[in-house]
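Everything on this sheet refers to the single structure shown next.
A short reminder: the numbers here are calculations on the coordinates, not readings from a lab. The shown structure was predicted, so the numbers you read here are calculated from the model rather than taken from an experiment. All Cβ positions, glycine included, derive from the backbone under ideal geometry; neighbour counts span all protein chains shown.
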Amino acid sequence: MGLVKKVVMLTDLEGVAGITSFEDQAFSSGRYYDSARRLLTAEVNAAIDGLMQAGVEEALVIDGHGAGGIAYEELHERATLLHGRPLAPWHRLAPVIADHDAAILVGQHAMAGAVTGVLSHTQSSRTIDYYRLNDQPIGETAQFALCCGELGVPVILLTGDADACAEARELISDIVTVAVKQGLGRTTAISLSPTQARRAIREGATLAIAKHNRSPLTPLRWPGPYTLEIRYFFTTDADARASQAGAERVDDRTIRFTGDSLLEIIYR
């Protein structure tokens, strides 16, 4: 395996230093949403600086926040951006991700139910109670890492709140993590200053590449077949999903999907 030259980065907003509110910062209608987007973009740029310092030549940024979290006009000059909603289907996205040597996550939050996870949720903070894959609770970190693993791409770095970092280390023991804030509850945190957070992310990105170049991480894979359960807060959302192809109604608020291909069910 050669040195890492191409990195794909998935971003989110809730794991960024200084972010503690869905309504004010993470939702597009929030009064501080534009400021939050700039905070995320600065952390993304810090990560790219660290990657480039370690010898990476190309960085593709996937804007993973639902309403769009990247301030495009402030994005690092050496980055490219995959953005827009709805996202392209997986048969088009998969080869794009697979064409990279490693993957990282920036601005990540913990899964739904994490008691001190800042703005913890899985996919939708408004509608989803939890995701479980083969009876194992999973969050968005596991979803992305497993998809990358199926494509032969290891996830080598995560930045976000402390609970998100712990979640990543449980999945991938040798991953490099950078905690930019410590949650005291779902909407309370102790954040590093912007300068401290960006310095730590820059150093973490450089370390992750150097560490992986010395001792490559194995892409994360779980054996199939796969059973994905999604539990909603409200029966109306389960009603809507129950009519989709392959969906099985487990109970009033839970939907199940099964299959042999992880890529076909993990983001259902």
Checklist outcome for this item: In the chain the DSSP beta bridges are antiparallel at a rate, in percent to nearest 5, of 45
Item to check | Candidate lysines - alpha carbon under 27 Å from K181, same-chain residues fewer than 8 apart omitted | outcome: K211
Checklist outcome for this item: As straight-line cross-link partners of K6, the qualifying aspartates and glutamates (C-alpha separation under 16 Å, not fewer than 8 residues apart within one chain) are D49, E57, E58, E77, D99, D101
Item to check | Helix-derived mean residue ellipticity, 222 nm - over the chain, DSSP H n ≥ 4, -39500 (n - 2.57), to 500 | outcome: -9500 deg cm²/dmol
Next on the checklist: How long are the semi-axes of the equivalent ellipsoid of the stretch 119-218, taking √(5λ) for every eigenvalue λ of the Cα gyration tensor, in whole Å from largest down?
Outcome noted: 23, 21, 9
Checklist entry - Residue by residue through the stretch 39-55, which ³J(HN,Hα) values in whole Hz follow from phi under the Karplus form 6.51 cos²θ - 1.76 cosθ + 1.60 (θ = phi - 60°), with glycine and proline marked x? => result 4, 4, 4, 5, 5, 4, 5, 5, 4, 5, 4, x, 4, 5, 4, 8, x
Item to check | the chain: relative contact order in percent, alpha carbon pairs under 8 Å with at least 6 residues between | outcome: 21
Item to check | Modelled label reach - S193, point 7 Å along Cα→Cβ, the stretch 10-28 residues with backbone N closer than 20 Å | outcome: 16-20
